[in-house]
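The values are calculated or read from the model by the stated rules, or taken from the named source; none is laboratory data. Because the structure is a prediction, the values reported are computed rather than measured. Please note: Cβ atoms are built from the backbone with ideal geometry, for glycine as well, and neighbour counts cover all protein chains shown. For the accessible areas, the whole protein counts, side chains as well, though only heavy atoms, and no ligand, DNA or RNA atoms are used. Shrake-Rupley method; radii C 1.70, N 1.55, O 1.52, S 1.80 Å.
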Amino acid sequence: MLLLNDDLSDFARAIVRGEEPSSRIDTSYQNYSVAIAIEVYRNNYCGNLYDTVITLGKALLRSVTSAGIFGVSD
Amino acid sequence: MGKPASDYLPCTAGIGLRAPHYCEVLEKLPKLGWVEVHNENFFGGGESLQPLLKVRGHYPVSLHGVGMGLASTAPLDQAHLSALCRLCDVVQPAAVSEHLCWNSVPDMTINGSMAINDLLPFPYTQEALFHVARRVDQVQEKLGRRLLVENLSSYLSFTHSEMSEGEFLSELSQRTGCAILFDVNNLYVNARNLGVDAKVFIQTLPAKAVAEYHLAGHSIRDGCLVDTHSTQVCAEVWELYEFALQHIGLRPTLIEWDSDIPVLAILKGEAEKAQQRLEEYHASVK
């Protein structure tokens, strides 16, 4: 697996949980905390609604299928 | 769709066309060089596509994506890519662009991927360059056309980056043949947030590879500049745009406005400011 994946996975968990990533973040210049940046990412406007709906839809479908309601599992 | 407008982006100013302005644009057909829309809003096809097809009959259209995740480590979403191909077949866009970012990682707990609806930064390493270049190749091969890749606005950077974003984009363009969509506001945000040297960034980009400029406004939260596309273009970004015109040259230029969207006249006014600068630069080099 890519080393890049370690950074991105860590970053993803931080955003989802609202925690600071353990990745090597360069704070030498920025005049705000990493926590503020993560909060911005958590709340940021991405420019369209479509992916949010699709993401929620996929998550819902996964939970339904894993529960066996449709008689299939992923 | 009737006879479409030209299939290339003119070296003029355009606007990001959003739903609140569809009716007014189609009714008044204002003088606009071209328009850009977000791909994903039209993937559903059907009725939602009709305004875009009508607009396409009058203006060149650029398709701008926010969901491909070129740097994601989860597999490239083939359904997303196929939807984009279908949209391109119908719309015949003058340009297709995406961001230099990631939005999903493999998620072993659900045997799939974990997606985050955002444009996220990554470390600019050789490994990442190889990874992103391979995915850009895949996208371009599937689309059968050149992709424009946009520099990212970022609120964090990584200590182990081995190159600047400008160097990364330059190398990516060289390896894949992709073009660069240079978002001037994104660069300004990164300059203020992360200390990126904006003029060095501009001088780093290979001018021939830059195919489009984006201009937008931002907001500030707790000292962090956030690329909200919610205000007019600030004076500093206009200055950087003028610097870019001198060092890179005339390119199609877009005004983006995605939240707190104003009346069309204000948006068009911003495009006219960009158009004025394009014409002034053009006159100065004649």
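Scanning segment B:41-57 for residues that are crowded, with 16+ Cβ neighbours inside 10 Å and touching a residue at least 40 places away in the same chain (Cβ under 8 Å), which turns out nearest to B:ALA265 (Cα to Cα)? Give the steps one after another, and end with the answer.
To start, the set of residues in segment B:41-57 that are crowded, with 16+ Cβ neighbours inside 10 Å comprises B:41-43, B:49, B:51-52, B:55-56.
Those still in the list that are touching a residue at least 40 places away in the same chain (Cβ under 8 Å) too: B:42-43, B:49, B:56.
Values: B:PHE42: 25, B:PHE43: 28, B:LEU49: 24, B:ARG56: 20 Å.
Step by step, filter segment B:41-57, then rank; the result is B:ARG56.
Can you pull out the residues in segment B:29-52 that are away from chain A (no Cβ under 14 Å) and under 27 Å from B:LEU250 (Cβ atoms)?
Taking segment B:29-52 first, the residues away from chain A (no Cβ under 14 Å) are B:29-35, B:47, B:50-51.
Of everything in segment B:29-52, those that are away from chain A (no Cβ under 14 Å) and under 27 Å from B:LEU250 (Cβ atoms) turn out to be B:LEU29, B:PRO30, B:LYS31, B:LEU32, B:GLY33, B:TRP34, B:VAL35.
Report yes if B:VAL226 is open to solvent by 20 Å² or more (accessible area, probe 1.4 Å), within 14 Å of another protein chain (Cβ to nearest Cβ) and of a type in the set (A, V, I, L, M, F, W, C), otherwise no. Spell out how you get there, then give the answer.
Working: open to solvent by 20 Å² or more (accessible area, probe 1.4 Å): no; within 14 Å of another protein chain (Cβ to nearest Cβ): yes; of a type in the set (A, V, I, L, M, F, W, C): yes.
Answer is no for this residue.
Search segment B:113-127 for residues that are under 25 Å from B:GLY166 (Cβ atoms) and open to solvent by 10 Å² or more (accessible area, probe 1.4 Å) and pair each with any residue that is among the basic types (Lys, Arg) and assigned to a strand (DSSP E or B) when their beta-carbon atoms are under 8 Å apart and the residues are at least 6 apart or on different chains.
none
Taking segment B:128-166 as the region of interest, how many residues are in contact with a Leu (Cβ under 6 Å, 6 or more places away or on another chain), of a type in the set (Ser, Thr, Tyr) and touching a residue at least 60 places away in the same chain (Cβ under 8 Å)?
Number satisfying all stated conditions: 0.
State yes or no: is B:ALA79 within 12 Å of chain A (Cβ to nearest Cβ), more than 29 Å from B:ASN185 (Cα to Cα) and open to solvent by 10 Å² or more (accessible area, probe 1.4 Å)?
Taking the combined requirement at face value, the residue satisfies it.
Can you tell me how many residues within segment B:209-251 are under 17 Å from the mean Cα position of the chain (by Cα) and among the charged types (D, E, K, R)?
Here the count works out to 3.
Being more than 14 Å from chain A (Cβ to nearest Cβ), surrounded by 18 or more Cβ atoms within 10 Å (Cβ to Cβ), in contact (Cβ under 8 Å) with a residue 12 or more places away in the chain and of a type outside the set (S, T, N, Q): is that true of B:VAL66 here? Walk me through it before giving the result.
Numbers: more than 14 Å from chain A (Cβ to nearest Cβ): no; surrounded by 18 or more Cβ atoms within 10 Å (Cβ to Cβ): yes; in contact (Cβ under 8 Å) with a residue 12 or more places away in the chain: yes; of a type outside the set (S, T, N, Q): yes.
Criteria not met by B:VAL66.
Counting only residues that are at pLDDT below 80 and under 17 Å from B:VAL226 (Cβ atoms), which one in segment A:16-47 is surrounded by the fewest Cβ atoms within 10 Å (Cβ to Cβ)?
Residues of segment A:16-47 that are at pLDDT below 80, as a first pass: A:23, A:44-47.
Next cut, under 17 Å from B:VAL226 (Cβ atoms) only: A:44-47.
Numbers: A:ASN44: 19, A:TYR45: 15, A:CYS46: 18, A:GLY47: 25.
Going through the qualifying residues, I end up with A:TYR45.
Say we look at segment B:190-214 and pick out the residues that are within 14 Å of chain A (Cβ to nearest Cβ) and out of contact with any strand residue (DSSP E or B) (no Cβ under 7 Å at 6 or more places or on another chain); which of these is nearest to B:THR159 (Cα to Cα)?
If we take residues in segment B:190-214 being within 14 Å of chain A (Cβ to nearest Cβ) and out of contact with any strand residue (DSSP E or B) (no Cβ under 7 Å at 6 or more places or on another chain), then B:LEU194 is nearest to B:THR159 (Cα to Cα).
How many residues does segment A:1-14 contain that are surrounded by fewer than 21 Cβ atoms within 10 Å (Cβ to Cβ) and either under 17 Å from the mean Cα position of the chain (by Cα) or more than 8 Å from every other protein chain (Cβ to nearest Cβ) (or both)? Quick ask: steps written out before the conclusion?
Initially, segment A:1-14 is screened for residues surrounded by fewer than 21 Cβ atoms within 10 Å (Cβ to Cβ), giving A:1-3, A:5-6, A:9-10, A:13.
If we keep only those that are either under 17 Å from the mean Cα position of the chain (by Cα) or more than 8 Å from every other protein chain (Cβ to nearest Cβ) (or both) as well, we get A:5-6, A:9-10, A:13.
Of the residues in segment A:1-14, 5 are surrounded by fewer than 21 Cβ atoms within 10 Å (Cβ to Cβ) and either under 17 Å from the mean Cα position of the chain (by Cα) or more than 8 Å from every other protein chain (Cβ to nearest Cβ) (or both).
Just the residues that are on the phi < 0 side of the Ramachandran plot and open to solvent by 10 Å² or more (accessible area, probe 1.4 Å), please, taken from segment B:206-223. Reasoning before the result, please.
Here is the first cut: in segment B:206-223, the residues on the phi < 0 side of the Ramachandran plot are B:206-221.
Result: B:PRO206, B:ALA207, B:LYS208, B:ALA209, B:ALA211, B:HIS218, B:SER219, B:ILE220, B:ARG221.
Is it the case that segment B:249-267 has a residue that's more than 27 Å from B:SER157 (Cα to Cα), part of a helix (DSSP H, G or I) and in contact with a helix residue (DSSP H, G or I) (Cβ under 6 Å, 6 or more places away or on another chain)?
There is at least one residue in segment B:249-267 that is more than 27 Å from B:SER157 (Cα to Cα), part of a helix (DSSP H, G or I) and in contact with a helix residue (DSSP H, G or I) (Cβ under 6 Å, 6 or more places away or on another chain).
Find the residue count for segment B:86-112, including only residues that are surrounded by fewer than 16 Cβ atoms within 10 Å (Cβ to Cβ), in a helix (DSSP H, G or I) and either in contact (Cβ under 8 Å) with a residue 40 or more places away in the chain or facing another protein chain (nearest Cβ under 7 Å) (or both).
Going through segment B:86-112, the residues surrounded by fewer than 16 Cβ atoms within 10 Å (Cβ to Cβ) turn out to be B:86, B:89-90, B:92, B:107-111.
Next, from what is left, pick out any that are in a helix (DSSP H, G or I): B:86, B:89-90.
Then keep just the ones that are either in contact (Cβ under 8 Å) with a residue 40 or more places away in the chain or facing another protein chain (nearest Cβ under 7 Å) (or both); that gives B:86, B:90.
Number satisfying all stated conditions: 2.
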